[in-house]
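First comes the structure, then the notes that go with it.
The values are calculated or read from the model by the stated rules, or taken from the named source; none is laboratory data. Because the structure is predicted, anything quoted here is derived from the model rather than measured. For neighbour counting, all protein chains shown are included, and Cβ atoms are generated from backbone atoms with ideal geometry for every residue, glycine included.
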Amino acid sequence: MCTLNLLASAIVVLSCPLSVKADEHGDSKDASFFVPSEIKWQEGPKSIPPGAKLAVLEGDPTKEGPFVMRLRLPDGYSIPPHTHPKTERLTVISGTFNIAMREKLDKKSGRKMPAGTFGFWAAGMRHFVWADGETIIQIHGMGPWSIKYLNAADDPRNAEK
């Protein structure tokens, strides 16, 4: 009987709309959901090579505070050796993301991160990355998110000058 009541309660809870408005203190607790087919992709940031698509899911990665963003990388896409000023936290949503903790391009030294993998690396860690097949990654952390290339000639922002 107790199990049936618990199951009935779960069904009622699951049938309610997935929406939260405000907590008892009046703080906004709006909820947002991002179904993969409805995500709005735009051109990737100018700080990474062209070809990637970007979707910001929460916050603003260019400002102080928490953020969540996804990058959709085409097959063979790569980002030359670089660092980030803050810890980078990454989940592979689909495809295969590869990372090598090196200062020079050497794909033999890389680590494969298949879909479902989570990884993080410390601020200042020198690394380069590439995708096998179309790959979607999700990066989350505290902004601002930025990238610094070990070789200034690799920075696509310098090509614009």
From the residues in region 92-114 that are at pLDDT 90 or above and in contact with a His (Cβ under 8 Å, 6 or more places away or on another chain), which one is nearest to M69 (Cα to Cα)?
I99
Examine region 62-85 for a residue that is assigned to a loop (DSSP other than H, G, I, E, B), within 23 Å of L105 (Cα to Cα) and hydroxyl-bearing (S, T, Y), and state whether such a residue exists.
yes
Among the residues that make up region 119-129, is at least one of them closer than 24 Å to A159 by Cβ, in contact with a strand residue (DSSP E or B) (Cβ under 9 Å, 6 or more places away or on another chain) and of a type outside the set (A, V, I, L, M, F, W, C)?
yes
Meets criteria (without any contact (Cβ under 8 Å) to a residue 12 or more places away in the chain, in contact with a strand residue (DSSP E or B) (Cβ under 9 Å, 6 or more places away or on another chain), farther than 20 Å from E38 by Cα and not in a loop (DSSP other than H, G, I, E, B)) for N98
no
Tabulated pairs, region 45-57, first over 18 Å from L90 (Cα atoms), second of a type in the set (F, W, Y), C-beta under 7 angstrom, 6+ apart or interchain
G51/Y77
Test: residue in region 119-131 that is at pLDDT below 95, more than 15 Å from the chain's Cα centre (by Cα) and of a type in the set (D, E, K, R):
no
I need the full set of residues from region 139-161 which are among the aliphatic types (A, V, I, L, M) and either touching a residue at least 24 places away in the same chain (Cβ under 8 Å) or surrounded by 12 or more Cβ atoms within 10 Å (Cβ to Cβ) (or both), in order please.
I139, M142, I147, L150
Could you grab me the full set of residues in region 74-100 that are more than 13 Å from the chain's Cα centre (by Cα) and small (G, A, S)?
G76, S78, G95, A100
Here is a list of conditions, (1) over 17 Å from R72 (Cα atoms); (2) touching an Asp or Glu at 6+ places or on another chain (Cβ under 8 Å), and T87 meets all of them except one; can you say which number that is?
(2)
Just checking, which of K112, K104 is loosely packed, with under 14 Cβ neighbours inside 10 Å, within 17 Å of the chain's Cα centre (by Cα) and not in a helix (DSSP H, G or I)?
K112
